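Below is one structure, written out as structure tokens; comments come after it.
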Amino acid sequence: MDLTFTVPTLFGLEGIVARELGFLEIDGVNAYDGKVTFKGGFSEMARANIAMRSGERVLLNVGEFHAETFDELFEGTKSLPWEEFIGSDDAFPVTGYTLESKLFSLPDCQSIIKKAVVERLKKTYMTDWFKETGAKKQIRFSLVKDTAVLMLDTSGEGLHKRGYRAVSKAAPLRETLAAAIVSLSRFKNGETFLDPFCGSGTIGIEAALYATYAAPNLKRSFDAEKWSEIPASVWQAERERAIARIKPTSSDIICSDIDGEAVSIAAVNAKRAGVGGKIRFETKDVRDIRPTFEGGVIAANPPYGERLMEQKEAERLYAEFGKVYRRFKNTRAYILTSHEEFEKQFGMKADKNRKLYNGMIKCYLFQYYKNALGSKK
Ligand SMILES: C[S@@+](CC[C@H](N)C(=O)[O-])C[C@H]1O[C@@H](n2cnc3c(N)ncnc32)[C@H](O)[C@@H]1O
């Protein structure tokens, strides 16, 4: 089966998601601004949902057309083969967004798309009343520069909802972003990995899943599991495939935080994620960290000075963190913060810095890896 799927991504993560899909042996992958598309059938769709780390959802493309007027939107939508995907009892709510398009009123676009799909299905099912009590076939549309793309959401809840984070302290990092930071750090089996500002443990947990090749969404469910056109055996086979890929790791993964309550929460979350035994948790002020290992990775999402503490306090902390980091030998560091002058406070210019969004907050991932070949003192 040759279907096209769209994976929306956080801005800046398109290349990482494309690479992840490649690792999953998924073909026809293309990256665009804010999304990645791939080709395949229901097996690839299930695999991407279960095993992808940094993508937000998996959407099945139903069709694409140009629409500058409500008439064009209605006719374009009606011409698509909705009956191939939506059964007579299925629920099909509509949601979406428009960007740089002549049609910009979301409620109007939503109701026109809904009416057009109903119009199409009326003919197939010989009825003009849809109960919508069956499986959920959430229609998602994007209207960008007058091109409408109509899709069905196979994931349901966003893929960052792994199911392991039952509890969190303030300002937790989105799991898909934490996974991307781990991937960007090029963390390798056998290396030590430290998050000294672990909060609810997201970065360390994603690192442990990554190190063991464990699929992050193996245990959760997806909307498309209830779709009658997809046999349960497809999902079972992909879950078995994901389980078969799991490998042991010799990496030491350490999560620490000054806040003991946060550390306890992180430990509970890690256990729920199935990696409790793979992470060492410590309650520790970053200032008290000593270089107990060489090489490896320090990845962190320290307080930004916006949400959690005052700017000056954050700056003093970055300076102390910089001193601690410079005592390590050959260790790479990946630090996510929204603070524009982080490098100045940290005392080192980053080798690379990448703009990323943590929710609505524009952040930078400051990357230090070149000096990892020698001492930084
Ligand atoms: C933005 S939060 C980290 C969130 C985390 N990435 C997550 O996903 O939950 C920053 C963390 O830094 C911790 N922190 C603040 N000052 C610290 C210090 N001096 N040493 C270590 N941790 C500190 C806070 O307790 C907080 O948990």
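Specify which of the listed residues (GLU68, GLU75, GLU44, GLU84) is more than 26 Å from the chain's Cα centre (by Cα) and without any contact (Cβ under 8 Å) to a residue 40 or more places away in the chain.
Among GLU68, GLU75, GLU44, GLU84, only GLU84 is more than 26 Å from the chain's Cα centre (by Cα) and without any contact (Cβ under 8 Å) to a residue 40 or more places away in the chain.
Which of the residues spanning region 270-297 are touching a Ser or Thr at 6+ places or on another chain (Cβ under 6 Å) and crowded, with 21+ Cβ neighbours inside 10 Å?
Selection gives GLY296, VAL297.
Being assigned to a strand (DSSP E or B) and not assigned by TED's automatic domain parsing to the domain that holds GLU83 is true for just one of SER228, SER256, SER233. Which residue is that?
Exactly one residue qualifies, and that residue is SER256.
Does region 186-209 hold any residues that are more than 14 Å from the ligand (Cβ to nearest atom) and under 18 Å from ILE335 (Cβ atoms), and which are they?
ARG186, PHE187, GLU191, THR192
Restricting to region 141-165, what's the tally of residues that are within 30 Å of GLN367 (Cα to Cα) and of a type outside the set (Lys, Arg)?
Result for region 141-165: 5.
Since LYS137 meets every condition but one in (1) within 9 Å of the ligand (Cβ to nearest atom); (2) modelled with pLDDT of 95 or more; (3) among the charged types (D, E, K, R), which condition does it not meet?
For LYS137, the exception is condition (1).
Tell me which residues, restricted to region 298-352, are among the charged types (D, E, K, R), in a loop (DSSP other than H, G, I, E, B) and more than 9 Å from the ligand (Cβ to nearest atom).
Answer for region 298-352, where residues must be among the charged types (D, E, K, R), in a loop (DSSP other than H, G, I, E, B) and more than 9 Å from the ligand (Cβ to nearest atom): GLU306, GLU310, GLU340, GLU341, LYS349, ASP351.
Would you confirm whether or not region 127-134 contains a residue that is of a type in the set (Asp, Glu) and at pLDDT 95 or above?
yes
Pairs please, first residue from region 248-261 and more than 16 Å from the ligand (Cβ to nearest atom), second anywhere and of a type in the set (Lys, Arg) and not in a strand (DSSP E or B), Cβ atoms under 9 Å, 6+ apart in sequence or on different chains.
Partner pairs satisfying both residue conditions: THR249/LYS278; SER251/LYS188; SER251/LYS278.
Would you be able to tell me the number of residues in region 91-111 that are of a type outside the set (S, T, N, Q), in contact with a helix residue (DSSP H, G or I) (Cβ under 9 Å, 6 or more places away or on another chain) and under 13 Å from ILE139 (Cα atoms)?
6
Of the residues LEU143, LEU173, only one is of a type outside the set (D, E, K, R), at pLDDT 95 or above and surrounded by 20 or more Cβ atoms within 10 Å (Cβ to Cβ); which?
Unique residue meeting the criteria: LEU143.
The values are calculated or read from the model by the stated rules, or taken from the named source; none is laboratory data. Model, not experiment: these values are computed from the prediction. Don't worry about glycine lacking a Cβ; one is built from the backbone with ideal geometry, like all the others, and counts go over all protein chains shown.
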